[in-house]
Each structure stands twice: as C-alpha cells, then as structure tokens.
Amino acid sequence: MSNGISRRAVLAGSGAAALSLPALSIAAPPPATLLNVSYDPTREFYKDFNALFATDWTRKTGQAVKINQSHDGSGKQARAVVDGLEADVVTLALAYDIDQIAAKGLIAPNWQGRLPDNSSPYTSTIVFLVRAGNPKKIHDWIDLVRPGVQVITANPKTSGGARWAYLAALGFATRHNGGNEQRALGFVRGIYKNVPVLDTGSRGATNTFVQRGIGDVLVGWENEALLSIDEVGPGKLEVVRPSMSILAEPPVSVVDRVADKHGTRKIAEAYLRFLYTPAAQDLAARRHYRPRNSAVAAKYAQKFPPMDLITINNFGGWSKAQARNFVDGGAFDKIYQPG
Amino acid sequence: MTAAAIPASMDAPLAAPRTPWREPSAVPGFRLAFGFTVLYLSLIVALPLAALCARPWEHGLSGFADAIFAPRTLAALRLSFVAALLAALANVALGLLIAWVLTRYDFPGRRIADALVDLPFALPTAVAGIALATLYAPNGWIGEILTPIGIKVAFTPLGVFVALLAVGLPFVVRAVQPVLQDLDAACEEAAQTLGAGSATAALLTGFALAFARGAGEYGSVIFIAGNMPGLSEIAPLVIVSRLEGYDYAGAASVGVAMLIVSLGALMITNAVQVWLSRRGAR
C-alpha cells in the first residue's frame, strides 16, 4: 500500500469520525446563554462570578454556558427590562427597582421570598470616606452638619446608593430626635446644605471626592469606599464607620416571563442560587460586598466590622420610603426649596 | 389655492390653470427618493417626537402644568436655555473668528487646527465633560489658577456655559466656513454685499444649531455642572431624575417644553434668514 493512499484514507476516516461525534455524545446539550442585567458597581464581581459559575455548571451538566452582562444605573436598567430588554436575571441595587419590573407582570409578585435573605445574597452599607488623618475629625452623622464641613454624596433622585445614604442619615436623625420626623428632616436638610456638588451617580460622587479632591467626606457605599482605597493606594483615604447605618440589600431575581420564553429558567435559578455558595460568597467579600454566609463573614470580620444597621423596613418598605422622600415635591425636594 | 383647483384625475382637461405640486426636474427617480425621504423622516424624527408628545397627558393638562411650573423645573429650564443662548452667542463671535482664520490664512498646522474643530462632534460627550471638569476643578490645571482669584468654573452655572461653548463651537465654524470660502477677497473689502448677507445667514444657522444642541446637552454638562437643584441643575437632568422615579409623564412634560422652546428658536432664526435673503435680493 502506497503512502499517498493511506494518508487519504486516514483523512477521510477522521473526517467521518468528527462528523459522527456530536451524534454519539448524548450528554452534551446545546450551549445556553444567559443575560444578567445588573447595576454599575457589580461589574467586576459578576465578571469573576460568571466564570466561576460557568465552570461549575459545565462540570455538573456538561452544558456550556455563556453569560452576558449589562451594567448601568439600577433604575435605568429596570426601565430597560420593562421596555423589553430580555434579561433572564436581574441583579439590581434596590428591591424597589425589581418591584417596578414585577408590577409590569414580568416577575412574580412574591419574588423576594423565593431566595434566602430577602433574595439579597450579599449586602453593603453606607459609610464615610475621609482624607488621610481625618483632618476635620468626622466620626458620625452629627459631624456632617457642622459648618465648614463639605459633604460629597450623589443625588438620591438619580442614584440608588445615594437613596440608601439619605435614608441612613434620616434613620440616625429620627432615632436621635425621639422619632420626631420634622426635626429629623431638618437634620438631613442640614447635611445636604453642606453638599457643594450633587453628582448623578455613586461612581460620579466618588470621582468628585477622590479625583477632583473636593469635599471633606464622601457618604456612600462601603464597597465603593473600599474600592477607592484599593485604587489610590494606602495612606491617602480612610474609611469611617458611623455609630449607625443602614443595611443595603441589593436583590436578585429571575425574570420569569423572559426565562420561560428562552427556556432558561433552570439555569437562571441555578445561577442565582450559586451566589449563596461559599466560593461565590468569598468572591463577593473580596469584591468588597458583605457576605451572608456566616463562615465567610467570620473570615472577613476584620474587613467588615459589625455595625448597628437599620433596614428599609424602618421606613415601611421601599414604596413608602420612595413616595415620602424621593418623588417630585417629596421630602428631598423640600430641602432645595427656598425658605 | 383651493382643493377644487386640483383636477381629480389625470384625464381632466387642462383648461383650468393648475399649479404643479413640484417643479419639473430632469433628474429621474423623484417618486422613489421622495417616498424614501418621507418614510425615513417619519421613522427617525416624527414618530419618536409624536410618542414624546403623547406621553405627558397621564394626569391631564394640570398634571402637565404642574410638571413644568414646579420651581425646580423652571429654574432648570431657565439655566439650560440661558446658558445655551449665551454660549451660542459667544460661539458666533469666536466661531466666526476661527472660521475666518482657517479659511483666509495659510499657516503651518492649519489642517490640524481645522480637524480639532470637529473634535467636539466626534468625542463622546461624557469624555469632553470629564476632561473639562478635570481642567476646571479647583485642583485642575486651569482651576488652580482661577480659584485663588475667586473665579469658580467647575460645579457652578459658569461650568455649564463652558461645556456648552465646547459643544457648540463646531456648529458655528462648520456653518460659516463654506460661505467664507466662496467669498472672494474683493467681496470682503466691500462691506455691504450679497456675500455678507449669506455669511450672516450661515452664522444664524450655526447659532440656531449650537443653541438647540446646547439646551438639550446632557453628557458633557453633567460632569462639570455640580447639579445643585435650583442652581446648577440643567433641564435634561430633571428629565433623567423624573425617569429614575418612574415618572414617565413628568419626564415627557419637560421634554415637550424643551421641544417647544427649541422649535420656536429654530423657527425664529429661519424667519430672520428668509427676511435677510429677501432684503439681499432687493
């Protein structure tokens, strides 16, 4: 037998084998695609988490999975989903935003009870970021109303994080004014009188404080504060944790109507449940989110010292808090009305 | 002309005088091109505007009025339009000068300078805004010089004006440049000519475009304005913040108000242009 013939035979044989291979392997289903519509500061976390989940899912089921991410302001993302962006899952900053999607019938009304911990696999809180050495001696909310202290925070009407910050301040003021709402709002007004620049988003406020060097204290997400310290290096900024703050619970949900249409419900649910596994919780902690898992939380106890935290329930839930404070003509607008 | 003057069919006798609804042209393909123009303009411009105008009436006329005449909204509309007006006026003077230099003189780097004018068109507006904020912030290159002498630009209404200067400049320069190129040097020396009239018309076009664009500008302004309600908050930000509160009707109300003002400004400049060209023809 000559060399030429044998090579051709081998090539033909291997070609036939390659063609028949997919038919033979019964275990490999077609690859799945998921779209996770999230908010701004989770970009880095979900990039790592998606890789972690995809490896785990393929190992367990043999199915390849590709996860696409979309990030923007939380409210804007919720509106995009309502307007038809086909998200299989949403991972947003506020339950209020997911409620708005649920109100349009895309998500079951009981969504927040479907996963543990109010469907919030990681949490964060509102802290202060000050310049090295804390030159203005800012330790608690009461220091923010002092004359001559410049406070940087974002606009609660356009930023989810800023809404948490506003409510944390209001919660502090309510507690220290014996529950008197008018006096509490007066205190919050005092804080915003010290705000020279009102950015539209949390990241913008962080930039104003860190890059532009404006203000004495940044009031915002703990995860953003820790990230800024990572970025500018040690010895320039310090985190100050006030005597009390608020438990910010960024929630997640499957978008039922989209997942059912795409046939991705099973994998979408697994994706969200995987957020609660120790590996994912560890990743969240490294990305500066407070983990829910107690073992992981213990491991990162130094990074996330325990704090006295109120919750959104202190304000009667998001719908009430929103209607009272952040609608047009609400308590926040009154701060900026003359007189 | 009345409807009765138009013959019902093509066979109608030509006895009655009729005005053709289009000028006869030697270039073929009018029907197709015209159909495409109407369709395209409808899809890209008219339909979205119609959708916008349909939106604010959820709470009736009073809801619309409340959304517009809230003090915070009025202050934002005033800031957006006044800053856009001042920036457009400044750009008319500066843009004319720049266009003049670029068309009339030959100097090393002229082509580069010419290309630079287009940069505000090409740059993502957010990039322009961040760059300006970095320059004019108290710790920026320019801010460092201005702050000690008591001039604050970034995070004040003055910052809005500066951002709109950058955004509007290419509109004026690019509108005037071709006209200046056509004018010959002899014409320039004679002050009152037809050429001067067409330059004025081009300047007006540039002014109107820069003004309308500036009033609606969001991306570059947001980073330098400071965004304080009632002080340095622009109208597009009021729209965005209403949307964040899921107040679609309130957001659309401000949009419609801005549309009306911008449309009015464009119509006035158009009317002035027509008047100018008639005067020039006389």
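On the given criteria, is B:SER277 closer than 30 Å to A:ASP83 by Cβ, over 19 Å from the mean Cα position of the chain (by Cα), modelled with pLDDT under 90 and part of a helix (DSSP H, G or I)? When the stated conditions are applied, B:SER277 does not pass them. Can you tell me which residues in the range A:278-295 are touching a strand residue (DSSP E or B) at 6+ places or on another chain (Cβ under 8 Å), farther than 17 Å from A:GLU224 by Cβ and surrounded by fewer than 23 Cβ atoms within 10 Å (Cβ to Cβ)? Hits for the range A:278-295 are A:ASP282, A:ARG292. Looking across A:ALA103, A:ALA78, one residue alone is within 14 Å of chain B (Cβ to nearest Cβ) and over 22 Å from A:ASP199 (Cα atoms). It is A:ALA103. For the range A:248-306, filtering for residues that are in a loop (DSSP other than H, G, I, E, B) and not aromatic (Phe, Trp, Tyr) leaves 17. Within the range B:69-93, if we keep just the residues that are surrounded by fewer than 16 Cβ atoms within 10 Å (Cβ to Cβ) and either closer than 30 Å to B:LEU116 by Cα or touching a helix residue (DSSP H, G or I) at 6+ places or on another chain (Cβ under 7 Å) (or both), the residue that is nearest to the other protein chains (Cβ to nearest Cβ) turns out to be B:VAL82. Flag not set for A:ARG203, criterion: modelled with pLDDT of 95 or more, surrounded by fewer than 22 Cβ atoms within 10 Å (Cβ to Cβ), of a type in the set (D, E, K, R) and within 26 Å of A:SER119 (Cα to Cα). Among the candidates B:PHE36, B:PHE64, the residue that is within 14 Å of chain A (Cβ to nearest Cβ) and assigned to a helix (DSSP H, G or I) is uniquely B:PHE64.
Looking across B:ALA210, B:ALA163, one residue alone is in a helix (DSSP H, G or I), within 21 Å of B:VAL272 (Cβ to Cβ), at pLDDT 90 or above and away from every other protein chain (no Cβ under 14 Å). It is B:ALA210. Give me a count of the residues in the range A:188-220 that are in a helix (DSSP H, G or I), within 11 Å of chain B (Cβ to nearest Cβ), within 23 Å of B:GLY129 (Cα to Cα) and among the charged types (D, E, K, R). Of the residues in that region, 0 qualify. Consider B:ARG110 carefully, then state whether it is more than 23 Å from B:THR200 (Cβ to Cβ), away from chain A (no Cβ under 14 Å) and of a type in the set (D, E, K, R). Judged against the criteria, B:ARG110 is a match. Of the listed requirements (1) basic (Lys, Arg); (2) in a helix (DSSP H, G or I); (3) at pLDDT 95 or above, A:ARG163 misses just one: (3).
When B:GLY255, B:GLY230, B:GLY219 are checked against the criterion of being outside any helix (DSSP H, G or I), surrounded by fewer than 23 Cβ atoms within 10 Å (Cβ to Cβ) and more than 7 Å from chain A (Cβ to nearest Cβ), a single residue qualifies: B:GLY219. The number of residues in the range A:62-95 being in contact (Cβ under 8 Å) with a residue 60 or more places away in the chain and either crowded, with 21+ Cβ neighbours inside 10 Å or hydrophobic (A, V, I, L, M, F, W, C) (or both) comes to 15.
With respect to the stated conditions, B:LEU116 is part of a helix (DSSP H, G or I) and either more than 13 Å from chain A (Cβ to nearest Cβ) or of a type in the set (Gly, Ala, Ser) (or both). Residues in the range A:230-266 that are free of Cβ contacts under 8 Å to residues at least 24 places away in the same chain and among the β-branched types (Val, Ile, Thr): A:VAL232 only. Where residues in the range B:120-145 are away from every other protein chain (no Cβ under 14 Å) and without any contact (Cβ under 8 Å) to a residue 24 or more places away in the chain, which of them is surrounded by the most Cβ atoms within 10 Å (Cβ to Cβ)? Ranking the qualifying residues of the range B:120-145, first place goes to B:LEU123.
Considered as a group, the residues in the range A:309-339 that are assigned to a loop (DSSP other than H, G, I, E, B) and under 15 Å from B:VAL238 (Cβ atoms) include one that is modelled with the lowest pLDDT, and that residue is A:GLN337.
Yes or no, residue by residue, for (1) touching a Cys at 6+ places or on another chain (Cβ under 9 Å); (2) among the small types (Gly, Ala, Ser); (3) not assigned by TED's automatic domain parsing to the domain that holds A:ASN180:
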residue	(1), (2), (3)
A:VAL232	no, no, no
A:LYS236	no, no, no
A:SER243	no, yes, no
A:THR264	no, no, yes
A:ALA285	no, yes, yes
A:ALA298	no, yes, yes
A:PHE315	no, no, no
A:ALA321	no, yes, no
A:GLY329	no, yes, no
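The values are calculated or read from the model by the stated rules, or taken from the named source; none is laboratory data. Remember, predicted model here, so these are calculated numbers, not experimental data. Don't worry about glycine lacking a Cβ; one is built from the backbone with ideal geometry, like all the others, and counts go over all protein chains shown.
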